[in-house]
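Peer 1: Shown below is the structure under consideration.
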Amino acid sequence: MKTPSPRAFYSGVFILSGLLMMLQVLQARIFSVTTWYHLSFLVISVAMFGLTLGALHVHKGSEAEQRQNYARLMGDACLNFAIFTAFALATHMILPIVAASLKKTLMTLPMTELCTVPSYYFAGYALCLAITRAPYAPARTYAFDLLGAAAGCLAALGLMETVDAPSAVMIVAAGAALASLCFGVPDRLRACVISGVLLVLALCNTQFARPFVYPLWVKNHIVTQGSLAHDQWNSISRVTVDHAVQDARPFLWGPSKTIPDDMTSSFYLLKIDGDAGTPINKFGGDCRKGLETLDYDVTTIAYALPRLKKSGIIGVGGGRDVLSACKAGIRDITAMDVNDIQISLLSNIEPFKSYANISTLKGVKLIHSEARSWFASHPDTFDIIQMSLIDTWAATGAGAFALSENGLYTVEAWRTFLSRLNDGGVMTVSRWYISDAQSEVERLVSLAMGALLEQGATAPQKHLFMAASDRIATLVLAKDPFTVEQLAALEKRASAMKFRVLISPQRKTAKGDLANILSARTRGSLDSVAGASAFDISPPTDQRPFFFNMVRLAQPFAIFRLISENNASAMLGHAKAVLNLYIIILFSLAMVAGAIIWPLREAVKNLDKRFVAGGTAWFALIGAGFMFIEIALLQRLSVYLGHPAYALGIVLFSLVLSTGVGSLICDRLPLDTPRARNAWAALTAIAAFAAIFAINAITTHFAGAELLTRALLCVSVTLPLGCLLGFGFPTGMALARAVSTQPAAWFWGINGAAGVTASAVAVALNISLGLDVTMSIGALCYLALLVPARLMK
């Protein structure tokens, strides 16, 4: 078999690595649709586990045979990568990944992992052959591996904005088959046929009126194409629209008990990632007619206030909040949504555009933008800002509990919103409420109090009014203390609609967490109240932007009790999310112990224990440290950049790219002396700590900067840090090979095992302790390399 040229070889490595990164991003997007956002990051653990297994297969095989036949073996692995990627897609489309009960989930989740692992196994096998068996410099090959992964970040974003995620996975599989040609695979016809079939399937799936490859199970329910009037994907969501409902009971989030029995409305139901629903109401175009039902929803209570002339709406959805503002007589309405599909449905796509009739309203502006960054960078001010039930539960491509709306529910975000209110203006936010159980209301009020206290409010309780109906509570947060006239208007609407007033400056709040929160006069006392609660009701910040995680990770028995009771508490979903995190961590540990560490223990049995201990510590520390830093950076900077896609297109791309550059530099300037290695370890730790302070300064002083400026500032942090991180793996391998090639399999396995485990542990650290703490632990991992560096010399 002909040996590939260096250009063909490096091109193949680059393409394969890029396709591998694309597959991880695309599968995370699919998992967010079929399951829940908190399981989408499972892809990271599964991918690292599969890659490590493939690498271990290389190290357990015949080195002489692999060096002689590396090109053929890599080509065959690429073909298998393509085949099993298609197989995994098929299983993800027809099998439920998680089930309604814990017992069934414990069966379906491992099955999903088993179907997903083979793709990554063959990719890991091919890449390990490239780095350790091909006759090319390992550091340079590793660099092309990372550069390809960086390119894959951008390619995944572009593909997701062009076609649906299942079709994109088929395109990735087709690309893997073609990548085998770079290594001179002998059966070129087979590779071309596999690629051609997959490309034709992908093309047909995107061009047919209804796709035939789509998720059948969505959030434990079967959803067929026949039940949908529209189905569209992008990089942050899958948006579907059910067929229109005619003359039905009005779709109201918190309906009043006084709503007439004969009142009806017609609407489409729009869903984001199969669960977060919002109506597209039929509207004739006249704000004075046909919108009477909206007054009966507690989410619109703030529109009872007098002299509202300009409205800002966060989350267009199906346009219902726009209609609420229009019904209140407001003729200057700016509505924004991070999801361009929802904007397109109301302004471009028929029959929804004509059905909703919103884009034709005079004075209405529909803007495709992430709300927080838009408010920070635009000088417009408003009399009312509305944010109703913004909880898409859609994970970003970054995974790792990185919700697209996390950045909207932090103290820093609400301070920005308050700064864009006119004198006497209000912000109204609706969330889930259950009268006889813990709900999100306590944390919502805590968040409002935190924002007001940091704004300098001396009596923050005078800025708050809250009413509830059914399972929804609406908070009205005033920039200034409520006037008598404003409170009278709110009380009048609440009385007429029989809404329950939970908080008012004119009323005494019932004892409990709400009363304790409202009694706080300083941020310290607010934190003390939150710390005494059974749930995490502390005000979320950009350091811990996890509004939707209120159960405490350190209290597993309380979590198990919530799930076993299975009541209607809003905490049930939070508890299930954390339980799945526990399961993933345990699965990761079991996979690591059973498939990596135990089988490889013989590889280091007869070697010097000091050398083995040093090498084990080195590769464990760089595996865990890199993952801690990567996940913390993704979450922290995605909040700052705004649009979730930027976490991939800017942060992950620049980090992986610079890590590849660092590996290339390491090839030219190896750390071949103890002093050089010690200096690098210390410098990397210092750079990671410095990045924490730099990011905090950037997000504080440049919150309102233009996107290009914000992107460049983020890159200025990730590029130098990534370059330093890129030295770790090739340096460790060089140190190991200088003593013996025998333990390479063990060290590679330890590195993968640490990465698999750390990817889940990092999420737990982010939620419990904060992003800066996770980043700091990552920095300490690199500083700790000073010890194993001495043991390995």
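Peer 1: Any idea of Ser528's accessible area? Nearest 10 Å², probe 1.4 Å.
Peer 2: Approximately 80 Å² of Ser528 is accessible to the 1.4 Å probe.
Peer 1: State the Cα centre-to-centre distance between segment 307-379 and segment 721-783 in whole Å.
Peer 2: 46 Å
Peer 1: Additional query: Among the lysines, which fall within straight-line cross-link reach of Lys104, defined as a Cα-Cα distance under 17 Å, with same-chain neighbours fewer than 8 residues apart omitted?
Peer 2: Lys219, Lys576
Peer 1: Angle check, please: helix 653-668 long axis (alpha carbons) against the longest principal axis of the chain (alpha carbons), in degrees 0 to 90, nearest 10.
Peer 2: The angle comes out at about 20 degrees.
Peer 1: For Ser525 paired with Arg668, estimate the spin-label separation in nm (one decimal), with each label point 7 Å from Cα along the Cα-to-Cβ line.
Peer 2: 6.1 nm
Peer 1: While we're on this one: Determine the calculated [θ] at 222 nm for the chain from helices alone, applying -39500 (n - 2.57) to every DSSP H run no shorter than 4 residues and normalising by the residue count; nearest 500 deg cm²/dmol.
Peer 2: Values: 28 runs with 440 residues, N = 793.
Per the formula, -18500 deg cm²/dmol.
Peer 1: Let me ask something else. So, with a 1.4 angstrom probe, what is the percent of accessible area on segment 104-259 that is carbon and sulfur? Could the numbers behind the result be given before it?
Peer 2: On the way: 4050 of 6040 Å².
On segment 104-259, the fraction of accessible area on carbon and sulfur atoms equals 67 percent.
Peer 1: Work out the length of the dipole vector of segment 462-522 about its Cα centre, built from +1 on the beta-carbon of each Lys and Arg and -1 on the beta-carbon of each Asp and Glu, and round it to the nearest 20 debye. Walk me through the intermediate numbers first.
Peer 2: Details: 11 positive and 5 negative charges, 30 e Å.
With only Lys, Arg, Asp and Glu charged at Cβ, the dipole is about 140 debye.
Peer 1: How would you rank 240-247, 51-58, 766-773, highest first, on the average number of other Cβ atoms within 10 Å across their residues? Numbers along the way, then the final one.
Peer 2: On the way: 240-247: 15.6, 51-58: 24.0, 766-773: 20.5.
Averaged packing, sorted descending, gives the order 51-58, 766-773, 240-247.
Peer 1: Calculate, for Asp480 and Leu683, the FRET efficiency according to 1/(1 + (r/R0)^6) with r their C-beta to C-beta distance and R0 56 Å; round to the nearest 0.05.
Peer 2: Working: r = 50 Å, r/R0 = 0.90.
With a Förster radius of 56 Å, E is 0.65.
Peer 1: On a 0 to 90 degree scale, rounded to 10, what angle separates helix 484-497 from the longest Cα axis of the chain?
Peer 2: 90 degrees
Peer 1: Give me the dipole magnitude in Debye, nearest 20, for the chain about the Cα centre, with unit charges on the beta carbon: positive for Lys and Arg, negative for Asp and Glu. Kindly include the intermediate steps, with their values, before the conclusion.
Peer 2: Details: 63 positive and 51 negative charges, 205 e Å.
The dipole of the chain has a size of about 980 debye.
Peer 1: List the cysteines in the chain whose Cβ has no other cysteine Cβ under 4.7 Å from it.
Peer 2: Among the cysteines of the chain, those whose Cβ sits 4.7 Å or more from every other are Cys78, Cys115, Cys128, Cys153, Cys182, Cys192, Cys204, Cys666, Cys714, Cys723, Cys781.
Peer 1: Related question: Which of the following values of Cα Rg over 2.2 N^0.38 Å was calculated from the structure shown: [x] 1.29; [y] 1.11; [z] 0.99?
Peer 2: After the calculation, the listed value that fits is [z].
Peer 1: Angle, helix 165-179 long axis vs. longest principal axis of the chain, Cα atoms, 0 to 90°, nearest 10?
Peer 2: The angle comes out near 20 degrees.
Peer 1: Also: Along the positive direction of the dipole of the chain (beta-carbon charges: Lys, Arg +1; Asp, Glu -1; about the Cα centre), which of Met93, Pro118, Pro505 reaches farthest?
Peer 2: My answer, from the dipole projection, is Pro118.
Peer 1: Could you point to the residue in Ala202, Gly778, Met170 farthest towards the positive end of the chain's charge dipole, with +1 and -1 charges on the Cβ of Lys/Arg and Asp/Glu respectively?
Peer 2: Gly778
Peer 1: Also, quick follow-up: About its Cα centre, what dipole magnitude does segment 645-776 give when the only charges are +1 on Lys and Arg Cβ and -1 on Asp and Glu Cβ, stated in debye to the nearest 20? Working shown, then result.
Peer 2: On the way: 5 positive and 4 negative charges, 49 e Å.
I would put it at about 240 debye.
Peer 1: Go through Gly407, Ala468, Gly660 and say which Cα lies farthest out towards the positive end of the charge dipole of the chain; charges sit on Cβ, +1 for Lys and Arg, -1 for Asp and Glu.
Peer 2: Gly660
Peer 1: Could you report the accessible area of Thr522 in Å², rounded to 10, computed with a 1.4 Å probe on the protein chains as they sit in the structure?
Peer 2: About 80 Å², ignoring ligands and nucleic acids.
Peer 1: Any chance you could look up the accessible area of Leu514 with a 1.4 Å probe, heavy atoms only, rounded to 10 Å²?
Peer 2: The accessible area comes out at roughly 30 Å².
Peer 1: Also: Set the bar at 23 Å for Cα to Cα. Now go through Lys289/Lys310; Lys257/Lys462; Lys309/Lys365 and name every pair that lies beyond it. Numbers along the way, then the final one.
Peer 2: Working: Lys289/Lys310 21 Å; Lys257/Lys462 28 Å; Lys309/Lys365 14 Å.
Distance filter (> 23 Å) returns Lys257/Lys462.
The values are calculated or read from the model by the stated rules, or taken from the named source; none is laboratory data. This one's a predicted model, so the numbers in the text were calculated from it and none came from an experiment. Cβ: placed from backbone, ideal geometry, glycine included. Neighbour counts: every protein chain shown. Heads up: the accessible areas ignore ligands, DNA and RNA and are worked out on the full protein's heavy atoms, side chains in. Shrake-Rupley method; radii C 1.70, N 1.55, O 1.52, S 1.80 Å.
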